[in-house]
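The values are calculated or read from the model by the stated rules, or taken from the named source; none is laboratory data. Fair warning: this is a prediction, and the values are worked out from it, not measured in the lab. Every residue, glycine as well, gets a Cβ built from its backbone with ideal geometry; the counts of neighbours run over all protein chains shown.
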Amino acid sequence: MAYSVESKKSGKTYYLHVRVNKRKDGKETKLYFFAGTIKDEGACDALPEGYEVIENSTTGLPFLKRKA
């Protein structure tokens, strides 16, 4: 089951996904994002280590932030 967060502002549920992009130098970059539905590819079961979920106070959309 994908990791989910409920928006405090809108009450909508968002699911965490990851997309892996390969750079020209051969290294991989991971892009984490929240979506309103669970997509077939890229759904994450847990938060990545060292990150926390923060909610945008204006829009209510969640995003990841590195822990201090």
For segment 1-17, give me each residue that is over 24 Å from T58 (Cα atoms) and either modelled with pLDDT of 95 or more or touching a strand residue (DSSP E or B) at 6+ places or on another chain (Cβ under 8 Å) (or both). A2
Candidate set from segment 37-61 (those that are among the β-branched types (V, I, T) and in contact with a Lys or Arg (Cβ under 9 Å, 6 or more places away or on another chain)); member that is farthest from M1 (Cα to Cα): T58
Please find, among E41, E6, the residue that is surrounded by 10 or more Cβ atoms within 10 Å (Cβ to Cβ) and acidic (D, E). E6
Meets criteria (more than 22 Å from M1 (Cβ to Cβ), in contact with a strand residue (DSSP E or B) (Cβ under 7 Å, 6 or more places away or on another chain) and not charged (D, E, K, R)) for T29: yes
